[in-house]
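FYI, it's all coordinate maths here, none of it is from the lab. What you see is a predicted model, and the numbers here were worked out from it, not measured in a lab. Every residue, glycine among them, receives a Cβ derived from its backbone with ideal geometry; neighbour counts consider all protein chains shown.
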Amino acid sequence: MTNEKNWSVSIVIDEHDGRTRATARLRADDKAELTGSGLARLNPADTDVPAIGDELATARALADLAHQLIEATAADIEEVTKQPTDLYS
């Protein structure tokens, strides 16, 4: 018997005045929603390629989201075990 869970991440990207912002929202079946954010800015000396700003801002938003998920997991483990944990080593 499979116990399938469905988690989804939605990413919203907006651009304004040479800056790109991405927001990544994680929705899990039984967890509170987590939101990560990432920014990218166009260097005035660079060619404007919007897709690159989208990619960088999204990567940063996902990295922020991953960090928050690790922190939430560590807090959950510590709550159950009553011991400090380090998920980064």
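Residue by residue through the range 21-45, note down the ones that are over 25 Å from Glu71 (Cβ atoms) and in contact with a strand residue (DSSP E or B) (Cβ under 7 Å, 6 or more places away or on another chain).
Within the range 21-45, just Arg41 meets the criteria.
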Of (1) touching a residue at least 40 places away in the same chain (Cβ under 8 Å); (2) out of contact with any Lys or Arg (no Cβ under 7 Å at 6 or more places or on another chain), Gly36 satisfies all except one. Which? (1)
Quick one: in the range 41-55, which of the residues that are among the hydrophobic types (A, V, I, L, M, F, W, C), under 22 Å from Thr23 (Cβ atoms) and out of contact with any Gly (no Cβ under 8 Å at 6 or more places or on another chain) is surrounded by the fewest Cβ atoms within 10 Å (Cβ to Cβ)? Ala51
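Can you tell which of Asp48, Asp64 is acidic (Asp, Glu) and in contact with a strand residue (DSSP E or B) (Cβ under 7 Å, 6 or more places away or on another chain)? Break it down into steps so the answer makes sense when it comes.
On the way: Asp48 fails: in contact with a strand residue (DSSP E or B) (Cβ under 7 Å, 6 or more places away or on another chain).
Asp64 is the lone residue from the list that is acidic (Asp, Glu) and in contact with a strand residue (DSSP E or B) (Cβ under 7 Å, 6 or more places away or on another chain).
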Criterion: touching a Ser or Thr at 6+ places or on another chain (Cβ under 7 Å), farther than 25 Å from Ser89 by Cα and basic (Lys, Arg) - qualifying residue of Arg27, Arg41: Arg27
Screening Ala59, Ala75 for residues that are closer than 18 Å to Val12 by Cβ, aliphatic (A, V, I, L, M) and either touching a helix residue (DSSP H, G or I) at 6+ places or on another chain (Cβ under 8 Å) or surrounded by fewer than 15 Cβ atoms within 10 Å (Cβ to Cβ) (or both) leaves only Ala59
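Does Glu4 satisfy the criteria of being closer than 30 Å to Asp76 by Cβ, touching a strand residue (DSSP E or B) at 6+ places or on another chain (Cβ under 6 Å) and surrounded by fewer than 11 Cβ atoms within 10 Å (Cβ to Cβ)?
Against the criterion (closer than 30 Å to Asp76 by Cβ, touching a strand residue (DSSP E or B) at 6+ places or on another chain (Cβ under 6 Å) and surrounded by fewer than 11 Cβ atoms within 10 Å (Cβ to Cβ)), Glu4 does not qualify.
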